[in-house]
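Nothing in this text is a laboratory measurement; each read-out follows from the coordinates by a stated rule. Nothing here was measured: the structure is a model prediction, and the numbers come from that model. Every residue, glycine among them, receives a Cβ derived from its backbone with ideal geometry; neighbour counts consider all protein chains shown.
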Amino acid sequence: VAQQLGHGHDGPMGTGVSDRDGRREVAAAALVDSGRLLLAQRVSPPELAGRWELPGGKIEPGETPAEGLSRELREELGIEAVVGHRVGVEVPLPNEMVLRAYAVELKSGVPVALEHAAVRWVGVDELADVDLVPNDRAWVPALVELLTRG
Ligand code: DCM
């Protein structure tokens, strides 16, 4: 999703509103359905293109993380989803941003790659072999637990 300028406490890069810690949040979905996790293949930037991620994006001014992540999933995948609890560690990003994952359930629709190269469902046994974007690798232990417990 294109970079947008916000109206809050802009950091040096003008990344928009910040949370109470002064950081802008990027939220990503650990969407599990029928025991499998949804992954999406990035198209940009070049160093991440072709690698797989938990879909999501930047939370915009005035949105809760749940609202923003639901919006991103609607835009990127064409689905309606229910955002639940946090999953795994938070990952610091450049420009005063922080990346957080949330357990997500599919409410309606079938995910399609509207802004990604492809989507795929992976089982717990496949997760270790996927070429995940570096940031998302920190979540693998928590994702294994999520997939194992159901
Ligand atoms: N990002 C990430 N892992 C995700 C989602 C996003 O590392 N599962 C990073 C990539 C960008 C930033 O967050 O640095 C913003 O994401 P996007 O470019 O998709 O808006």
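Points to keep in mind about this one:
- Filter pass, residue 131 being surrounded by fewer than 15 Cβ atoms within 10 Å (Cβ to Cβ), farther than 19 Å from residue 34 by Cα and within 14 Å of the ligand (Cβ to nearest atom): yes
- Criterion: within 14 Å of the chain's Cα centre (by Cα), more than 14 Å from residue 27 (Cα to Cα), more than 11 Å from the ligand (Cβ to nearest atom) and not β-branched (Val, Ile, Thr) - qualifying residue of 106, 77, 73, 114: 77
- The residues of the stretch 92-150 that are of a type in the set (S, T, N, Q) and closer than 24 Å to residue 45 by Cβ, listed by number, are 95, 135.
- Taking every residue in the stretch 39-58 that is closer than 17 Å to residue 126 by Cβ and pairing it with any residue that is among the basic types (Lys, Arg) and within 8 Å of the ligand (Cβ to nearest atom), at least 6 positions away or on another chain, the pairs with Cβ-Cβ distances below 6 Å are 51/42; 53/42.
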